[in-house]
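What follows is one structure encoded as structure tokens, with my remarks underneath.
The values are calculated or read from the model by the stated rules, or taken from the named source; none is laboratory data. Everything numeric here is computed off the predicted structure, so don't read it as measured data. We place every Cβ from the backbone using ideal geometry, glycine too, and count neighbours over all the protein chains shown. Note: accessible area is taken over every heavy atom of the protein model, side chains too, but ligands, DNA and RNA are not part of it. Shrake-Rupley method; radii C 1.70, N 1.55, O 1.52, S 1.80 Å.
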Amino acid sequence: MKLVLLFGDCAVGKMTVGQELAKITDLRLFHNHMTIEPVLEIFWHIRTGGDRKTAANGVLSHFVKTDHYGLIFTFIWAFDCREDWAQTAQIADLFQRHGAEVYYVELVAPQKVRLQRNTTENRLRHKPSKRNIALSNRLLLRDDRDHRMVSRPGELPFANYMKIDNTHLSAAATAAQIKAHFDL
């Protein structure tokens with residue numbers, strides 16, 4: 001089994017790249033809003049990640065026991081938050097204990113580009129909580145102000161790691177790079 005951890009800042013294109021990567025591989029896509037949206041639908045006031053992470057962990061725990069080729073999991077990783085490091089390590093460890101190969105893919109793009117991507121049709125179709133553009137933009141700007149969402153050179157010690165600036169790349173071209181780099 002293979003696990004592609006696809007992470008990056010808000011609106012960098014994780015879900016869209018994941019959709020394209022799923023099309024050209026046998027990997028399945030589990031983007032973070034697949035758990036965020038149902039939790040927000042019921043508990044609209046929740047703005048912390050604890051309950052959403054619990055829901056995601058349940059899905060991941062069940063998936064790892066299947067005979068599927070692998071999974072793409074998208075998420076935001078705040079590199080200045082120990083909890084995010086621990087959560088990422090926990091997910092990787094879960095899959096590695098079941099014999100999976102884990103691949104780390106970081107997407108980066110400037111804030112201006114991400115603010116434009118924050119309003120795309122595909123994003124708004126799959127992420128109802130982002131349809132209030134003004135609020136979504138404020139949250140993106142707040143996260144940029146309050147957290148470090150891009151890794152520093154050499155910070156991630158993983159053998160199966162790549163960082164892609166997808167500012168000028170289509171989601172399909174980015175997915176093709178990932179597939180070729182890791183021979184997926």
*HN-Hα J in Hz across the range 157-173 - Karplus 6.51, -1.76, 1.60, θ = phi - 60°, x for Gly and Pro*: x, 8, 5, 9, 10, 8, 10, 10, 7, 9, 3, 10, 10, 6, 4, 5, 5
_Anisotropy class of the range 74-184 from Cα gyration tensor, a/c 1.5 cut_ = prolate
*Can you list the residues, at least 5 places off or on another chain, whose amide H is less than 5 Å from the amide H of THR120, using H built in the peptide plane?*
none
*asked:* If DNA, RNA and ligands are ignored and the probe is 1.4 Å, what is the ranking of GLU155, GLU101 by accessible area, most exposed first?
replied: GLU101, GLU155
*asked:* Modelling each spin label as a point 7 Å along the Cα-to-Cβ direction, I'd like the ARG148/TRP85 distance in nm, to one decimal.
replied: 1.0 nm
*asked:* Per 0.36 nm of contour for each residue apart, how much would the distance between ARG138 and SER61 grow if the chain were fully extended, relative to their Cα-Cα spacing?
replied: 24.4 nm
